[in-house]
Amino acid sequence: MTRKFSAAAETELKDILDDFPNKKSALLMVLRLVEREFGMIDDGGMELAAATCEVSVAHVLGMVSFYTHFKRPFHGKHRFMVCATLMCSIGGPSGKCDQSLAVIHRRLGIAPGECTEDGLFSVEKVECLADCNRPPVIQKDNDHHVNITDALLEELIDSLLTREGRSKEHYAGQKGIAMNARIPSISVKQTVPGPQGIR
Ligand code: FES
């Protein structure tokens, strides 16, 4: 394993581990630290989390694939998560989730489960984002947006395109690429023993 935490992250890690009765129980918080430190959780990040918490990489993968909010390598740099649970499906005065998905598709060429070819943007339908009385609700990376209207979403996309040096028409006519979200890849042989010594 070659991945290491920075000195600052090591300090944070010590605080996290101090808060839990054992290393295994700190795994979720350690994964959040890995995500912040490296911008996503890739194979190297999972191995680092496994070694830190003294669990198998398979155990870490199970956690990372269950909690779909974690940023993974197959997601776009900018990740749209559109709540498609009941209240956002029914919608409110601002609109409903299908409208948000339609705006994202029209502007960026991506449907749920897809990423733009250049890897800049991806979109997913997700379960309830815990703001059911203010539909439709979306998250863009770590930003939470409620009562999102088509116009607000257009503005958000425009500002992201400008930030990334793309014209407003850049993705017109392009098709998205499926994110292979369900295909994990552990490229490095696991060397950390699991709780029962499993290798
Ligand atoms: S149903 Fe969309 S936030 Fe709960």
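Only the coordinates and a few stated rules stand behind these numbers; no lab work does. Note that the coordinates shown come from a computational prediction; the quantities given were computed from them, not determined experimentally. Don't worry about glycine lacking a Cβ; one is built from the backbone with ideal geometry, like all the others, and counts go over all protein chains shown.
The gain in end-to-end length when the S159 to E10 segment is fully stretched comes to 50.2 nm, 0.36 nm per residue minus the alpha carbon separation.
By the Cβ distance rule of under 4.7 Å, the chain has these cysteines without a partner: C53, C115, C128, C132. Near the amide H of V126, within less than 5 Å, lie the amide hydrogens of V82, C83, A84, all on another chain or at least 5 residues away, with H placed in the peptide plane. Between A111 and Y67, the modelled labels are 3.2 nm apart [label points 7 Å from Cα along Cα→Cβ]. The K23 and N133 beta-carbon pair, evaluated with R₀ = 41 Å, returns a calculated FRET efficiency of approximately 0.55. Modelled spin-label separation between N147 and D98, with each label point placed 7 Å from Cα along the Cα-to-Cβ direction: 2.4 nm.
Only helical runs count toward this figure. For the chain, summing -39,500 (n - 2.57) over DSSP H runs of n ≥ 4 and dividing by all residues gives -11500 deg cm²/dmol at 222 nm. Sites counted here are GluC sites (Glu not before Pro) in a DSSP loop (not H, G, I, E or B) having no more than 15 other Cβ atoms within 10 Å; the longest part of the chain that contains none of them is 55-116. Length, then width, then depth: along the principal axes, the Cα atoms of region 7-66 run 25, 25, 17 Å. Hull volume per residue, based on the alpha-carbon atoms of the chain and their convex hull, is 136 Å³. The alpha-carbon of K4 sits under 22 angstrom from the alpha-carbons of these lysines, leaving out residues fewer than 8 places away in its chain: K14, K23, K24, K71, K189. A Förster distance of 25 Å, applied to the separation of the beta-carbon atoms of L86 and M40, puts the FRET efficiency at 0.25. Dividing the mean sequence gap of close Cα pairs (under 8 Å, 6+ apart) by how many residues the chain holds gives a relative contact order of 22 percent.
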